[in-house]
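To start, the structure under review is shown below, and the notes come after it.
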Amino acid sequence: MQYTNKKLAAVLLVIEALQSGDFPHSHSKPVLDRIETLLQERVNTLGLIQPDTDQAVTKTICKEILHKIFTVYPLLGFIARSMDVRNSFELHGPFLNIVSKALGEDAKLIISSEWDFSPFTYNMPGDLGFSKVVFIGIPVSESGNGLAIPLSGHELGHNIWRAYKFHDKYYRVVEETVVKHIEKVIWDEFQQYFPAVGAPTNLTDMIGQQYWLKSWYWSMSQCEEIFCDFIGLLLFRESYLHAFAYLIAPGLLGSRAEHYPNMLDRVAALRQASDSQGIVFPDSYANLFEDSDTPPDAETRLLLSISDATTKQLIEQLCRDAASLLNDKGLLAHSFAETERIEKSFSMGVPAISPQSLTNIINAAWNFSRNAMPGWSHRYPSVYTNPKRCEQMLNDLIFKSIEVLEINQIQGIE
């Protein structure tokens, strides 16, 4: 108990120091206050332990406290890094506007540059009280890259998936699709690996379920990832495709992670959703990617093939659900005309005038970049001949345009 008291006191001192920090946005403060309250409650609990308290009870309390410290500690580091000057503080307001429409006006947003090359969000335990707090970690090397902003849409998707309980919606759907695929498509092969199942009718009993449970779990995770891709795609349209390829293509070495979709299947899902939503899908896009190696174990390959087939069956439904939710929240607004107008501003070397959405700004920036920055060769020849200066100038225009957008949103001009 003495050690636990000291650990708690040390963490509370860290929180106290962080609370005195200069936060660029206010949402970190209530999260810190909540963590402090949670830990202070543990201090009070320790204070109730008496000399004659059962030792097993004391150890259980100390173990729970240690678990809580392990749980909240990464958040403290995340909040500390959210103050780093590498972060693009201009993004907070306009992206918070999207978060608030998606999750409710009481939603909070904390964005941080992170030493993890894959963008991520935290799936926090419900007892912490952070269900309406969106934590988005961006690779530190990309946190100041305006063209990478659409990747945040995927991470918001994970928060939407949890908030609207899509796991519960797909739980039985995935189970039924897995069982149907085994029964109707690969029963003979499945029985070769799992003869104990006996007959297709046994697939749904307690014994039969254990043999395809991994396939169900992997497909549930894959469905969430595809859904989040669709949220990013529908929010940011073509710019999500470009940002996705920029960060991920051609893929990673080694065996694929089972809980992620096969890379080329993931790209095919993006194409299917793009076609259904009128989003321009680049002709040679799929050629940018390669699949990771399949697992060497034959049984794992079989179970993974079941999860892949299941996920493919649900792509259309996942796209409908993502589009329906974003449409209901008023988050599918975009304008080709405004995107073109912003591109013209960029070609003149000036920020967008009265931009209406983050989507239009980023799509204009990607179009302008991919078209070799038309107009700059004669207007800014010294910049145009220097790729690094070109990137910096475009980045400056992106974030200045985002600042203008935030001012307009604060003033109610949308």
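The values are calculated or read from the model by the stated rules, or taken from the named source; none is laboratory data. This structure is a prediction, so every number in the text was calculated from the model and none was measured. As a convention, Cβ positions derive from the backbone with ideal geometry for all residues, glycine included, and neighbour counts pool all protein chains shown. These area figures cover heavy atoms from the full protein model, side chains too; ligands, DNA and RNA do not enter into them. Shrake-Rupley method; radii C 1.70, N 1.55, O 1.52, S 1.80 Å.
For the structure I just gave you, tell me whether THR385 is within 22 Å of ASN97 (Cβ to Cβ) and either hydroxyl-bearing (Ser, Thr, Tyr) or open to solvent by 60 Å² or more (accessible area, probe 1.4 Å) (or both).
It is false that THR385 is within 22 Å of ASN97 (Cβ to Cβ) and either hydroxyl-bearing (Ser, Thr, Tyr) or open to solvent by 60 Å² or more (accessible area, probe 1.4 Å) (or both).
If I ask for residues that are under 19 Å from ARG237 (Cβ atoms), of a type outside the set (Val, Ile, Thr) and either open to solvent by 10 Å² or more (accessible area, probe 1.4 Å) or assigned to a helix (DSSP H, G or I) (or both), which ones from segment 346-360 would you list?
Of everything in segment 346-360, those that are under 19 Å from ARG237 (Cβ atoms), of a type outside the set (Val, Ile, Thr) and either open to solvent by 10 Å² or more (accessible area, probe 1.4 Å) or assigned to a helix (DSSP H, G or I) (or both) turn out to be PHE346, GLN356, SER357, LEU358, ASN360.
Just to be sure I understand, how many residues within segment 112-152 are outside any loop (DSSP other than H, G, I, E, B) and not hydrophobic (A, V, I, L, M, F, W, C)?
The number of residues fulfilling the criteria is 10.
Any idea which of ASN327, ASN363 is out of contact with any Ser or Thr (no Cβ under 7 Å at 6 or more places or on another chain) and part of a helix (DSSP H, G or I)?
Matching residue, one of ASN327, ASN363: ASN327.
For segment 311-340, which positions are hydroxyl-bearing (Ser, Thr, Tyr), under 24 Å from the mean Cα position of the chain (by Cα) and either buried (at least 18 other Cβ atoms within 10 Å of the Cβ) or over 23 Å from TYR240 (Cα atoms) (or both)?
Residue satisfying the conditions is THR311 alone.
Give me the residue from segment 35-59 that is under 35 Å from the mean Cα position of the chain (by Cα) and of a type in the set (S, T, N, Q) and, out of that set, nearest to VAL11 (Cα to Cα).
GLN40
Can you name every residue in segment 131-154 that is surrounded by fewer than 20 Cβ atoms within 10 Å (Cβ to Cβ) and within 16 Å of PHE78 (Cβ to Cβ)?
Selection gives PRO139, VAL140.
Kindly indicate which of PHE166, PHE117, PHE130, PHE95 is under 17 Å from the mean Cα position of the chain (by Cα) and modelled with pLDDT under 90.
From the options PHE166, PHE117, PHE130, PHE95, the qualifying one is PHE130.
Given (1) open to solvent by 10 Å² or more (accessible area, probe 1.4 Å); (2) of a type in the set (Ser, Thr, Tyr); (3) over 22 Å from the mean Cα position of the chain (by Cα), where does TYR246 come up short, assuming only one miss?
Exception for TYR246: condition (3).
Looking only at segment 9-18, decide whether some residue is free of Cβ contacts under 8 Å to residues at least 24 places away in the same chain and within 22 Å of the chain's Cα centre (by Cα).
Looking for residues that are free of Cβ contacts under 8 Å to residues at least 24 places away in the same chain and within 22 Å of the chain's Cα centre (by Cα), one finds none in segment 9-18, hence no.
Could you say whether any residue in segment 228-242 is open to solvent by 30 Å² or more (accessible area, probe 1.4 Å) and either touching a Gly at 6+ places or on another chain (Cβ under 6 Å) or touching a residue at least 12 places away in the same chain (Cβ under 8 Å) (or both)?
Scanning segment 228-242 turns up no residue that is open to solvent by 30 Å² or more (accessible area, probe 1.4 Å) and either touching a Gly at 6+ places or on another chain (Cβ under 6 Å) or touching a residue at least 12 places away in the same chain (Cβ under 8 Å) (or both).
Restricting attention to segment 285-310, which residues are open to solvent by less than 70 Å² (accessible area, probe 1.4 Å) and assigned to a loop (DSSP other than H, G, I, E, B)?
PHE289, ASP291, SER292, PRO295 - these are the residues of segment 285-310 that are open to solvent by less than 70 Å² (accessible area, probe 1.4 Å) and assigned to a loop (DSSP other than H, G, I, E, B).
Consider segment 184-227. How many of its residues are free of Cβ contacts under 8 Å to residues at least 12 places away in the same chain and hydrophobic (A, V, I, L, M, F, W, C)?
Filtering segment 184-227 down to residues free of Cβ contacts under 8 Å to residues at least 12 places away in the same chain leaves 184, 188, 191-192, 195, 198-199, 201-202, 205-210, 213.
Now restrict to residues that are hydrophobic (A, V, I, L, M, F, W, C): 199, 206-207, 213.
Residues that pass the stated criteria total 4.
From the set of residues in segment 21-37 that are in a loop (DSSP other than H, G, I, E, B) and either in contact (Cβ under 8 Å) with a residue 60 or more places away in the chain or more than 19 Å from PHE89 (Cβ to Cβ) (or both), which is most open to solvent (accessible area, probe 1.4 Å)?
So, considering only residues that are in a loop (DSSP other than H, G, I, E, B) and either in contact (Cβ under 8 Å) with a residue 60 or more places away in the chain or more than 19 Å from PHE89 (Cβ to Cβ) (or both), the one most open to solvent (accessible area, probe 1.4 Å) is ASP22.
I need a count of the residues in segment 9-20 that are exposed (fewer than 13 other Cβ atoms within 10 Å of the Cβ) and not acidic (Asp, Glu).
Residues that pass the stated criteria total 5.
How many of the residues making up segment 155-199 are buried (at least 18 other Cβ atoms within 10 Å of the Cβ) and among the hydroxyl-bearing types (Ser, Thr, Tyr)?
Within segment 155-199, residues that are buried (at least 18 other Cβ atoms within 10 Å of the Cβ) and among the hydroxyl-bearing types (Ser, Thr, Tyr) number 2.
Quick one: THR58 ticks every box in (1) open to solvent by less than 50 Å² (accessible area, probe 1.4 Å); (2) free of Cβ contacts under 8 Å to residues at least 12 places away in the same chain bar one, so which box is it?
Result: THR58 fails condition (2) only.
Output yes when any residue across segment 257-265 is under 30 Å from GLU176 (Cβ atoms), touching a Leu at 6+ places or on another chain (Cβ under 6 Å) and without any contact (Cβ under 8 Å) to a residue 60 or more places away in the chain, and no when none is.
Initially, segment 257-265 is screened for residues under 30 Å from GLU176 (Cβ atoms), giving 257-265.
When the remaining residues are screened for being touching a Leu at 6+ places or on another chain (Cβ under 6 Å), the result is 258.
Checking the rest, the ones that are also without any contact (Cβ under 8 Å) to a residue 60 or more places away in the chain come to 258.
Checked segment 257-265: at least one residue is under 30 Å from GLU176 (Cβ atoms), touching a Leu at 6+ places or on another chain (Cβ under 6 Å) and without any contact (Cβ under 8 Å) to a residue 60 or more places away in the chain.
Inside segment 65-92, can you point out the residues that are assigned to a helix (DSSP H, G or I) and either basic (Lys, Arg) or free of Cβ contacts under 8 Å to residues at least 12 places away in the same chain (or both)?
Once the filter is applied, which keeps residues that are assigned to a helix (DSSP H, G or I) and either basic (Lys, Arg) or free of Cβ contacts under 8 Å to residues at least 12 places away in the same chain (or both), segment 65-92 yields HIS67, LYS68, PHE70, GLY77, ARG81.
All but one of (1) in contact with an Asp or Glu (Cβ under 9 Å, 6 or more places away or on another chain); (2) not in a loop (DSSP other than H, G, I, E, B) hold for TYR211; which doesn't?
Answer for TYR211: the failing condition is (1).
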